[in-house]
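The values are calculated or read from the model by the stated rules, or taken from the named source; none is laboratory data. Model, not experiment: these values are computed from the prediction. So basically every Cβ, Gly included, is an ideal-geometry build from the backbone, and we count neighbours across all protein chains shown. Only protein heavy atoms, including side chains, enter the accessible area calculation; ligands, DNA and RNA are left aside. Shrake-Rupley method; radii C 1.70, N 1.55, O 1.52, S 1.80 Å.
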Amino acid sequence: MYFDRLLTMSVTDTVLIVPAFNEGSVITSTLSEARRVFDYVVCVDDGSSDDTYENAQASGAIILRHVVNLGQGAALQTGIEYAQRLPVSYFVSFDADGQHSCDDVLAMRQSMIDDPVDVVLGSRFLGTSQSIPKARRILLRAAVLFSNLTSGLKLTDAHNGLRLFNRHVAQTICLQDIGYRHASEFTEKIAKNQYTYRELPVTIRYSDYSLAKGQSALNAVNIVADTLTAKVLQR
Ligand SMILES: Nc1nc2c(ncn2[C@@H]2O[C@H](COP(=O)(O)OP(=O)(O)OP(=O)(O)O)[C@@H](O)[C@H]2O)c(=O)[nH]1
Ligand SMILES: [Mg+2]
């Protein structure tokens, strides 16, 4: 144990918030990898029907649980609300399926320390995305154009789940959308709440596992439809 601690970093001012839905086969490695670097890791089991909850326990992370599946947005908001009671300055949204890397989080944290802003957003288009399917790349690029049009921000990657933000954002973001559209809501609220922000290059890993269980392209159509509806209702 002691030697193991020597080999591991111990970042205490940052909490990783990991929404997880049916990630039983990868959750232990994702959370254990994170715990080697970050003292505070909060995993929200979003009503998984597999052994995600049991396997997450083994990592020593803090595990919260939705009794029913609500959606990534709801899981993230639950984690953000809980994490505010921890003695940390920085909050990170981090996926459970192995697509995000702790090294990128450390770089985002350092960027925030060196030159504070409210939100540091990961961008796979400033960085790299290992073996992203061509169709997915085209869809994501189109989503960026649409998101910048509707939010007024100038982003290079609008639906990247890897974000680091400060306590002011954690206290005021209040994600309402429980599903995938929370990602658009997050960028809209950066504009609406006038958060200062910066993008940083990150690496998104596309494995056979993440591609097999990940988002269907159809979701993009839903997000566009929901966003347009939200815009019309705002009027
Ligand atoms: N699919 C899905 N994921 C959820 C849900 N609740 C929490 N999550 C977690 O949200 C994160 C992102 O979900 P993904 O399905 O990987 O979505 P994505 O990364 O945007 O899309 P891919 O690039 O296809 O993986 C993962 O850690 C999921 O486990 C849910 O209701 N459905
Ligand atoms: Mg994923």
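For an R0 of 35 angstrom, estimate the FRET efficiency from the Cβ-Cβ distance between Gln110 and Arg136 and round to the nearest 0.05. Mind showing how you got there, number by number?
Details: r = 29 Å, r/R0 = 0.83.
Result of the calculation: an efficiency of 0.75.
Highest GNM mean-square fluctuation, the chain, Cα pairs closer than 10 Å: which of Gly71, Gly60, Gly122?
So, out of Gly71, Gly60, Gly122, the one fluctuating most is Gly60.
Taking the dipole about the Cα centre of the stretch 2-234, with the C-beta of Lys and Arg at +1 and of Asp and Glu at -1, give me whichever of Leu145, Thr227, Gly179 is farthest to the positive side.
Leu145
Going from most exposed to least, what order do Val232, Val42 have by accessible area with a 1.4 Å probe? Please report the intermediate quantities before stating the final value.
Working: Val232 95, Val42 0 Å².
Ranking Val232, Val42 by accessible area, largest first, yields Val232, Val42.
Looking at the stretch 30-167, send over the antiparallel percent of its DSSP beta bridges, to the nearest 5.
60
Ordering Tyr180, Tyr206 by accessible area with a probe of 1.4 Å, largest first, what comes out?
Numbers: Tyr180 90, Tyr206 20 Å².
Ranked from most to least accessible, the order is Tyr180, Tyr206.
Using per-residue counts of other Cβ atoms within 10 Å, averaged over each peptide, order 23-29, 133-139 from highest down. Don't skip to the end; give the middle numbers.
Details: 23-29: 20.1, 133-139: 12.3.
Those peptides, ordered most packed to least, come out 23-29, 133-139.
Would you work out the charge dipole size for the chain about its Cα centre, treating the Cβ of every Lys and Arg as +1 and the Cβ of every Asp and Glu as -1, and quote it to the nearest 20 debye? Display every interim value, and only then the final one.
Values: 22 positive and 25 negative charges, 155 e Å.
Taking the Cα centre of the chain as origin, the dipole is about 740 debye.
Based on the mean of other Cβ atoms within 10 Å per residue, sort peptides 105-115, 158-168 so the most packed one is first. Provide the component values of the computation, followed by the final result.
Working: 105-115: 16.4, 158-168: 21.5.
Answer by packing, highest mean first, reads 158-168, 105-115.
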